[in-house]
1. For the protein assembly as shown, what proportion of DSSP beta bridges, expressed in % and rounded to the nearest 5, is antiparallel?
2. Residue by residue, what Karplus-based ³J(HN,Hα) values in Hz, rounded to whole numbers, does segment C:180-197 have, using 6.51, -1.76 and 1.60 with θ = phi - 60° and x for Gly and Pro?
3. Hey, what do the phi angles of segment B:50-56 turn into as Karplus ³J(HN,Hα) couplings, whole Hz, using 6.51/-1.76/1.60 and θ = phi - 60°, x for Gly and Pro?
4. With the alpha-carbon atoms as the only input, what is the per residue convex hull volume for segment A:2-76 in Å³?
5. Suppose every Lys and Arg Cβ carries +1 and every Asp and Glu Cβ carries -1, with no other charges. What dipole size does chain D come out with about its Cα centre, to the nearest 20 debye?
6. Please state the charge dipole magnitude for segment D:174-282, taken about the Cα centre, from unit charges on C-beta atoms (+1 on K and R, -1 on D and E), reported in debye and rounded to the nearest 20.
7. Write down Rg/Rh for the protein assembly as shown, rounded to two decimals, with Rg from the C-alpha atoms and Rh from the Kirkwood relation over Cα pairs.
8. Past 26 Å, Cα to Cα: identify those pairs from A:K79/B:K92; C:K259/C:K303; B:K39/B:K113, in the order given.
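Since every read-out is calculated from the coordinates, none of them should be taken as a lab result. Since this is a predicted model, take the numbers as computed values, not measurements. Here the Cβ positions follow ideal geometry from the backbone for every residue, glycine too, while neighbour counts run over all protein chains shown.
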Amino acid sequence: MVQVRIWGSLAAATEDQTEVEIEASTLRELLDGLAARYPAMRPQLERGVSVSIDGRIYTENWFTPIHKDSEVVLLARLKGG
Amino acid sequence: MSKIHVTTTINGDPTEFLCEADETLLDVLRDRLGLTGSKEGCGTGDCGACSVTVGGRLVCSCLMLGAEAEGQEIGTIEGMAEGESLHPLQKKFIEHAALQCGICTPGLLVAAKSLLEHNPDPTEEETRYWLAGNLCRCTGYDKIIRAVMDAGKDMREAS
Amino acid sequence: MALDSKSELREFKIVGTRPLRPDGIDKVTGKARFGADITAPGMLVGLVLRSPHAHARIVSIDTSRAEAVPGVHAVVTRADFAEPGEDVADILDNCMAGAKALYDGHAVAAIAASSGKIARDALKLIDVVYEVLPHVTDVDAAMKPGAPVLHEGRTDETVPEGLSPNVISRHEFGHGDIEAGLAQADRIVERTFQTEATHQGYIEPHACLAQMGPDGQADLWCCTQGHYMARNVCAEILGLEQGQLRVTASEIGGGFGGKTTVFLEPVALMLARKSGRPVKMVMTRSEVLRATGPTASSSIDVKIGMTKDGRITAGFAELRYQGGAYPGSPVDMGSMSAFAPYDLEHVKTIGWDVVTNRPKQAAYRAPGAPMAAFAVESAIDELARGFGLDPLEVRLKNAAREGTRASYGPTYPAIGLEATLRTAKDHPHWSAPLGENQGRGVACGFWFNFGGDTCVTLNITPDGTVTVSEGNPDIGGSRASMSMMAAEELGIPYEKVRTIVADTGSLGQNEVTDGSRVTFAVGLATIEAARAAIREMCKRAAMVWGIEPEAVEWVDGAAQPAGPNAGEHPPMTLAEIAAIASNTGGPIAGHHEANPEGAGVSFATHMVDTEVDPDTGAVKILRYTVFQDAGKAIHPAYVEGQFQGGAVQGIGWALNEEYIYGEDGVLQNAGFLDYRVPVASDLPMIDTVILEIPNPGHPYGVRGVGETSIVPPLAAVANAVSAASGVRMTSLPISPPKLLAALHER
Amino acid sequence: MHYHSPTSVEDAVKVLAAQSGDCRILAGGTDLLVRMRSGLAEPDAILDIKRIDGMRSITREEGGFRVGAAVSGTEMAEHAALVAAWPGVVEATGLIGSTQIQGRATMAGNLCNASPAADSVPAMVAAGAVAQVAGPNGVRDIPVAQIPTGPGKTSLGPGEFVTSIFLPARPDRASDAYLRFIPRTEMDIAVVGCGVSITLDASGTCTEARVALGAVAPTVIEVPEAATALVGTPLDDPALSALSAACSAAASPISDKRGTVEFRTHVAGVLARRAAVIAKTRAGAA
């Protein structure tokens, strides 16, 4: 299981928990796992998120590995100029 | 409507063109003569990207009619280098990284050349005020001002 | 791909020097071809008819009179476009209005004619019947129940009941317990801040040239930050296959985020399709300001508590951004970045995305962050000064560092904020004397960087020179940086490498030039492409020497035996290997395609001195210094240029730039006369200090540098004005009438 | 559209008389071309006065200066005697736009464009300048203050145009100054402008003064009360305060995108004071 920190707006989908546990070893498994366990989170996941894994930010690479002790934080999808 | 026939000199080349009465010199340069080095950033004289010299005076070519060029000596960015040899200002702009995107660069160079012809040893303040009509959005002007003043120094030493 | 383990020890030969840029001569001689400089035989001129109303139902559009004008070859309205897919629906609606015109300047029709004059005259013959609707341009007004509504049904699940349908989404970030934190404070500052919308103000108006054949093959030339983006979006809108639309990026005359989307391009393609002729479209400056993408305006409540020794006990901000007529203001980015420079136990931000009758916002350099930093850094400054504390010391005391849990969630790796603050404190600027009516301000800023899809192909020519093809428009010298990194890796002189920006037919997908990504991501791909070419060259040398490829290493631009066991062979240079490439297996190239993630975050501290004229409210910038972490500066002159340019855009935002709407919702200052960007005589030199705390996510340690520099100046200037005049300005711009009124109120 | 460039005033008057549509006078063109570009002006014809004899020259006349209607701000600044006599008028004209604009923009054009915020006009009014107007009924002289009648409107009759501006002779110990307020340091339209012209006697007492304000009313206005505040004084602090108060009192501006009523009213007084101090120094006061 991986500990995942989510941001405040998403807590409505997790009964106000800001940390949840998901069985995942890759970014894709993480996102799929979140969607399956917290269906109310799906609209936001579909709009897009970024994920910080051990302090580095990922957006798209499905097979980015996640370790059990990784720090995983969901972020709003990054935009730039 | 009949077009106006204009005989002029551009960068030393005798040039004739036909234009409409309401066409600006900038439109003539860019669209009729293929001299696209002069840029249109605003069309209202507020950005200086279209700067050229007319009879040795710095003007915005967007605020002058093509018809007014009759009998005049026009200088544009395309006439600034002599063959392969760049003008000292052109060299200094590259050396000082005084351009990022480069859209304002032709107008700034024409304006800076005019400055150094009028005032070979300008202060920083004089340089900034002379160039106040040339907007640059990338550089914050720092490297441009340094390049112009450095070129002035080299040109003074060379003369 | 991570920072080279030996990078701390690596002695760069080319990286960190200041060679001349490859496009320099074209740009100083007027030869460089920008968007409006491209022509095609037989091309038509395309012009757009725009709504004079801030909000109106389009009852009917009759184009028959315009179509009858000799010389008019095509007229386009929304009816010409098929219903778009959801992901491009707003983009198309912004390029060509559907049921409603949503802002002053919204495109409602377009014409292609054989001359500009004919097109201009024919535009007046398009009869549009509007039913004018009530409008709203202010963010706070738009949120109120009963405000004029732009769209129904766009509100997402994050928004509670009872608000105007103009409220699109709510974003909440943070951790801890704000009330508990505030309870520990010796003083709490609670204030509301406002910032007006500003425009990127690139000097080159949008321009493009489109042509399309009946077979569905099309070509587009345009000035854009991302020609692959332009291809994909236009293909979807026009119903073309991406492979059939080739887009070539012209030189680009500034973007700053504003050219990360399309405005004219789909319309030009449609005009080209209908007319069967190439169509060129160039915006006027007025069109650029009215109808492209300025940044959001904002209204922000901040509440911060501090102990008397300068520890921030809690930070709260509620941010309301209007991003124009469609969802998508960068309020989420603002909410994430607002407190990012600080190590806070209790922090919370709430962001609201709101639509109004203004043009659809586009990204502008660190989108969303500068206004948030203005609010937070102003409040921190007020607290620090209220306690008589040194504002740099207070920031140092609370600074985020390696191991800090960021306000937006993750734990920071090595970051450079503390270094910028310490350097600022030791800098002579900090201790320089000030005169009467003068004041000094500081502020910190933060921005993310990201990677994205990236392709680079590096070819070795037969004579041993190198060409690099990349897919990101060069907006500020990136071709120089890529050539430098390729030369560094290959061990050859910089002058032997020429980098070009390839069209969409030449490389795979490339993310837009945005998010400060190019030096990071394209640089990384360039280095990898060079390494691939090196591997191939080592293999060729191994063939010649009859040894195993693994026994060959690349040193100083040549293959050489890796050790004594590999045999005695004189090194073979890149040029020598290139010369016999045909004999050893054919041409040699390296390429790299990736979606590199793991870009590093970036911090800056800015310091500014201002003088306030107490009789007129005029503010003069006397001195300015930027301290920013670049990770590793590839070409320091262009890194300085990014610092300086961002600082000056921020100064403009702070002092004089603003969108001014009348009661009628019409933009009143759609020109460079009254949209007042800084001019040369407004400014001093902008001093820069480059710090280099390597990003562990890049082989050379590069961090993006392009955006962070616009984040601190709004607050730094406001703090300096406060120090000089004694009044705290909470509304930007600090234009003279506003400041004078505040001085008189005091 | 038709373009005419006659070479004599007589021909110009004939061309103008022959026009049935909208014919605009082109001097420096820095306002006219902007209007054409934005669609605010769509003239049927343009009459370029720059080739007319005398339009581009500055000549001495009765101790003063006659400045042709097509003389640019830069050309004025290069005329040493003019600068010495009327530094305020020259600096006001030199403030119009950028270096590029100054190479083209003219006092006469600035006057006939009839903007209440025109920089050169308060200076000209303070200077007592007189415009010479040619038209179908011959030539007439008219104080510049009487040319603009409202934003964009002039008192010129059909077929009339300004051919020159006359700046009168200067006594000793007299000078002028012009200041404006703009948000940036260059490139803006005046939010408030103020021209002050004074004459001192040997003891430094002001014997004559004229003060004009721009951008605080539909036209540039002369403020006689401000002049009264100065005459008979050594331009000391009480006089300057009275000047300042008179200018603020005379201002009846509007709030718009460039400034508010309160700002313009206050700054009118600030600028008047500062301009008077400059004029006093220039006039040679100790």
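1. 80
2. Taking θ as phi minus 60°, the curve returns 4, x, 4, 5, 7, 7, 7, 8, 10, 10, 10, 8, 10, 10, 10, 10, 7, 5 Hz for segment C:180-197.
3. Result, rounded to whole Hz: 9, 4, 9, 10, 10, x, x.
4. Cα convex hull per residue, to the nearest whole number: 74 Å³.
5. That gives chain D a dipole magnitude of about 380 debye.
6. In debye, rounded to 20, segment D:174-282 gives about 320.
7. 0.98
8. Where the Cα-Cα span goes over 26 Å, the pairs concerned are A:K79/B:K92; C:K259/C:K303.
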